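Step one of this worksheet: look at the structure below.
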Amino acid sequence: MKKRILQILAILGINLWVGFLATVAFMLFIYKGDPILAAVPAVLVLPGILLQPWFVLFFLMPMGPFLAPFLTTCVSAPIYVLLDRSGKLDRLKLFYARLNKRKTAIITGSAVLCLITVGFARYVDFPALHQGIPKTIQYSLKEMDFKYDNSRYYCIYEFLDSEWIWQAKISEEELNRLADKLRMSEIPSEEIGDQYKNMPPYWWRPVISDQVQVLATDNFSMENRGPDGWHFLATWNPEDEILHMWIKDNF
């Protein structure tokens, strides 16, 4: 009896881990819109899901991310106990017993390290996947025939509200047109917080100096979401004509 209880607890522990990583993958896909980044935790839990395909059904139910590990265990535990009693798991046990533990650990560790590397690369947007104008303001700039070069953007999060950063090379004339269109006005550079300077992408390196123009909409919040509507904070360096913009689109 004690052995069976330990087996059930082991299955539950595995399913809690599977549920956690599956939730992380789902949240990354929904809030970041990066399928490659979302695939990293998904790949880690794939073996657990393949051995318990009913997990997917429970996960998609209301409150699924919280209930799926427990409901899956309620189904899996009796099934695997019956299979174990009937001897149908003997071949699988023998296979695992014959595995070279050291070689398996090295292969598993290498695979996990590769996945972590891929996840970190996507977190810093290497390579940059999104070029052009952030979709949250594409419609607003469509009518003005906005001219730019070397543009790339990054989604910090996206759901009802969204937050983006954008980098592009534009002329001073285009900067003035953009400022008028988005109703931005100059503010002191001292108002820029560290949050603006330390965004995740490897290419986000805004220069803050006396020559740099700093523009923002009214009520732009450095610390939190801010009021409903669009909010912009931008810096433009006249030396290289590079624009950096932080965009908050609040529902």
message: Rounded, prolate or oblate for segment 122-232? Axes are the square roots of the Cα gyration tensor eigenvalues, ordered a ≥ b ≥ c, and the cut-off for rounded is a/c under 1.5.
response: rounded
message: Would any residue of segment 165-204 have its amide N under 18 Å from a label point 7 Å out along Cα→Cβ of Lys135? List them or say none.
response: 165-167
Gyration tensor verdict on segment 53-96 (Cα atoms; rounded if a/c is under 1.5, prolate if a/b is larger than b/c, oblate otherwise): prolate
query: Computed FRET efficiency, Cβ-Cβ of Ser110 and Ile5, R0 41 Å: what is it to the nearest 0.05?
result: 0.75
task: Before anything else, pin down the relative contact order of the chain: Cα pairs under 8 Å, at least 6 apart, normalised by residue count, whole percent.
output: 15
- line: The relative contact order of segment 123-185, taking Cα pairs under 8 Å that sit 6 or more residues apart, comes to a percentage of 29
statement: By the C-alpha gyration tensor axes a ≥ b ≥ c (rounded if a/c is under 1.5, else prolate when a/b exceeds b/c, else oblate), the shape of the chain is prolate
query: In nm, to one decimal, how far is the modelled label at Thr117 from the one at Asp210, with both set 7 Å along Cα→Cβ?
result: 4.6
task: Pick out, in residue order, every one of the GluC sites (Glu not before Pro) in segment 112-194 that is DSSP loop and has at most 14 other C-beta atoms within 10 Å; say none if there are none.
output: Glu143
- line: Computed over the chain: longest principal axis from alpha-carbon atoms vs helix 64-85 long axis, angle to nearest 10 degrees, is 20
- prompt: Using 7 Å Cα-to-Cβ label points, what is the Glu186/Asn150 separation (nm, one decimal)?
  reply: 2.5
statement: For the chain, longest principal axis from Cα atoms; helix 172-182 axis from its Cα atoms; angle between them, nearest 10 degrees, is 70
- prompt: Where the centre of each part is set by its Cα atoms, how far does segment 99-115 sit from segment 201-251, in angstrom?
  reply: 44
- request: Taking the chain as the reference, fit the longest principal axis to its C-alpha atoms, fit the long axis of helix 101-123 to the helix C-alpha atoms, and give the angle between the two in degrees, 0 to 90, nearest 10.
  value: 20
task: Subtracting the Cα-Cα distance from 0.36 nm times the residue separation, let me have the gained length for Ser221 to Asp90 in nm, one decimal.
output: 41.0 nm
- line: Full extension between Tyr157 and Asp194 adds, at 0.36 nm per residue less the Cα distance, a length in nm of 11.5 nm
query: Of Gln213, Gln167, Gln138, which has the largest mean-square fluctuation in a 10 Å C-alpha GNM of the chain?
result: Gln138
- prompt: Based on Cβ point charges of +1 for Lys and Arg and -1 for Asp and Glu, what charge dipole magnitude is obtained for segment 1-132 about its Cα centre, in debye rounded to the nearest 20?
  reply: 800
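We did not get these values from a lab; they are worked out from the coordinates using the rules stated. Here the structure is a predicted model, which means the values were calculated and not measured. Here Cβ is always computed from backbone atoms with ideal geometry, including for glycine, and neighbour counts include all displayed protein chains.
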